[in-house]
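Let me begin by presenting the structure, written as C-alpha cells, before commenting on it.
The values are calculated or read from the model by the stated rules, or taken from the named source; none is laboratory data. Since we're looking at a predicted model, the values are computed, not measured. Please note: Cβ atoms are built from the backbone with ideal geometry, for glycine as well, and neighbour counts cover all protein chains shown. Only protein heavy atoms, including side chains, enter the accessible area calculation; ligands, DNA and RNA are left aside. Shrake-Rupley method; radii C 1.70, N 1.55, O 1.52, S 1.80 Å.
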Amino acid sequence: MANELPSESRLQSSLEMKMPHELVFATRNAHKIEEARSIVGSHFTILGLDDIGFTLELPETGNTLHDNALEKLRTFVKATGRNAIADDSGLEIDCLNGRPGVHTAHYSGSRDARLNMSRVLDEMGESAIRTARFVTVLACSFQGQEFIFEGQVRGVITHEMRGNDGFGYDPIFIPDGYEQTFAELSPQVKNSLSHRANAFRKFMEWLVSVD
Ligand code: IMP
C-alpha cells in the first residue's frame, strides 16, 4: 500500500546538485512540518517559519487551494528572496458538492478542529454516500521559478470522530484500503499514503527528473 520514493542514491545526488540542504516550508502548522519532515526523511532539512524567525502573516485570500498555496509562497519569497515551498490543503466531500474545500481550515467559523468536524458530520447526516478526498497543493519557488505539485488521497467519512493521532479532520477520514481513521492509524502509515505524502513525492520526483 505504501508508495515508493525515488531511489536513495538518485535522489541524494539530484538534491545535492539542485537544492540547498535546508528548505523553508512556509507554514506555522507544526503538524504539517512534522509530517513533511517524516515524509522527506534525511534528504534535506525542512525549516518552518518559526525556525527562521519569520513573523509576517501569510495571507490566504484565494478562492482555490491552488491560489492560496501560491499566495503564501509569493508573500514569503517577496519578503525574503529565499527558495521555499508552501501548501494549501483541503477536504472535499462528494455529497457536500466538494465542501468544505477551500474553507476547510475554518469551516465552522473557527479553526477549532472538533467544531469543524461537527459541522461536516451534521451536514452529512446519515447520507449513504460518504466518499471524499484530501488534497494538498504544494507550491515551490526555486531560483525565481514556480512549480506546483498536487497530491490526493481518497477515502470515506465516518459517522463519528475516532482516534487521537494526527490533526484537523483526521478523526473522521478513513483512507481507501483501511478500516481505521487517519487519527487511529500510525503516523508512519498516514505519511506513506496521505495527500501530503503524494504531493511531496511528486515534488521529489521532479527534483530527480529535471536537468
Ligand atoms: P491550510 O492548508 O493550512 O489552509 O489548512 C487546511 C486545513 O485542512 C487544516 O486546518 C486542517 O483542518 C485540514 N487539513 C489539512 N491537512 C490535513 C490532514 O492531513 N489531516 C486532517 N486535516 C487536514
Out of Tyr169, Leu91, Ala30 - ranked by how far each Cα lies towards the positive end of the dipole of the chain, with unit charges on the beta-carbon of charged residues - the top one is Ala30
For a label point 7 Å from the Cα of Asp67 along Cα→C-beta, name the residues of the range 90-109 whose backbone N is under 13 Å from it.
102-103
Ranked highest first by the average count of other Cβ atoms within 10 Å around their residues, in what order do 76-89, 46-59, 193-206 fall?
193-206, 76-89, 46-59
Each residue of the range 24-30 in order: what ³J(HN,Hα) in whole Hz does its phi give by Karplus 6.51 cos²θ - 1.76 cosθ + 1.60, θ = phi - 60°, with x for Gly and Pro?
7, 9, 6, 8, 10, 7, 4
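So, with +1 on the Cβ of K and R and -1 on the Cβ of D and E, and no other charges, what is the size of the charge dipole of the range 8-209 about its Cα centre, to the nearest 20 debye?
Numbers: 21 positive and 28 negative charges, 75 e Å.
The calculated dipole for the range 8-209 is roughly 360 debye.
Which value at 222 nm does the chain reach when only helices count, each DSSP H run of 4 or more adding -39,500 (n - 2.57), with the total divided by all residues and rounded to the nearest 500 deg cm²/dmol?
On the way: 6 runs with 72 residues, N = 211.
My calculation for the chain gives -10500 deg cm²/dmol from helical runs alone.
Tell me, what is the FRET efficiency for Glu57 and Ile129 to the nearest 0.05, using R0 = 30 angstrom and their Cβ-Cβ distance as r? Each step should come with its number before you reach the end.
Working: r = 38 Å, r/R0 = 1.25.
Given R0 = 30 Å and the Cβ-Cβ separation, E is 0.20.
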For labels at Arg119 and Gln143 in the simple 7 Å Cα→Cβ model, what's the distance in nm?
4.3 nm
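How would Phe149, Phe167 rank on accessible area, largest to smallest, probe 1.4 Å? Don't skip to the end; give the middle numbers.
Working: Phe149 20, Phe167 45 Å².
So the residues, ranked largest to smallest area, are Phe167, Phe149.
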Please compute the per residue accessible area over the chain with all protein chains in place, 1.4 Å probe, rounded to a whole number of Å².
49 Å²
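Could you tally the net charge around Ser186, taking each other residue with its Cβ under 13 Å from the Cβ of Ser186, Lys/Arg +1 and Asp/Glu -1?
Details: positive: Lys190; negative: Glu35, Asp165, Asp170, Glu184.
Cβ neighbours under 13 Å give a net charge of -3.
Quote the FRET efficiency, to the nearest 0.05, computed for His159 versus His106 with a Förster distance R0 of 25 Å and r equal to the Cβ-Cβ distance. Provide the component values of the computation, followed by the final result.
Working: r = 23 Å, r/R0 = 0.93.
The value I calculate is 0.60.
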